[in-house]
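Worksheet: one structure, shown below.
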Amino acid sequence: MNTILRKSILGIAGLAFTGGVFAGPVAAHAADTTASVKPVTATVQSDKLIPHGVQGTQSRIDLNDEQTKNVKAIIAATKKAGMDERAAVVSIATALQESKLENLGHLGDRNDHDSQGLFQQRPSSGWGTVEQITDPEYSTTAFLKGLKQVDGWQDMPLTKAAQTVQVSAYPDHYAQWEQQAADLVAEHWNK
């Protein structure tokens, strides 16, 4: 019996070590790719804005007038689509990750394929024309249409809902923007 117990404990310890070896460098690399991580004071939000709580370290950027205008455009398009504040939080967090809320045109060699706009949508992937996907209302509506097609998106962590629509090479990076997105929705939803 002692041999079986000893082998079980050693096996579990080996798995824990292996998991740490493989997860450590990945976690360290993920932290290095974050634009600007600043400590965030937890803001109390309703269950509607952050029903699962935030995941991981949160990032925050200061917004200029253009970025704030894009936040308001995302919120207006969300309301027009008949969706709630949670949909706006997912949309804004996604746009924060994809473009830092800047309506980006083609960036040449610095561009990921032909990705453009707030959500870095691609004309070649069927998101619309360049003119359409660089229009904040259109691109938000296209994102929300994709979100509506995700069964149970309202009950998913933000990063999983966003990733299901976006299919990013970095699926967990959306989570870092949840608190700022919720704060922006709380600030601008009723304006």
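Tabulated results
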item	result
Prolate/oblate/rounded call for the stretch 56-136, Cα gyration tensor, a/c under 1.5 rounded	oblate
Long pairs among Lys80/Lys160; Lys80/Lys100; Lys69/Lys148; Lys48/Lys72; Lys48/Lys80, criterion Cα-Cα beyond 21 Å	Lys80/Lys160; Lys80/Lys100; Lys69/Lys148
The stretch 88-191, accessible area per residue, ligands and nucleic acids excluded (1.4 Å, Å²)	45
Pairwise FRET efficiency - Asp155 versus Glu131, Cβ, R0 = 45 Å, nearest 0.05	0.80
Spin-label pair Lys148/Ile61, simplified geometry with 7 Å Cα→Cβ offset, distance in nm	2.9
Ranked packing of 158-166, 50-58, most packed first, by mean Cβ within 10 Å	158-166, 50-58
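The values are calculated or read from the model by the stated rules, or taken from the named source; none is laboratory data. Bear in mind the structure is a predicted one, so any value in this text is a computation, not a measurement. Please note: Cβ atoms are built from the backbone with ideal geometry, for glycine as well, and neighbour counts cover all protein chains shown. These accessible areas exclude ligands, DNA and RNA; they are computed on the full protein's heavy atoms, side chains included. Shrake-Rupley method; radii C 1.70, N 1.55, O 1.52, S 1.80 Å.
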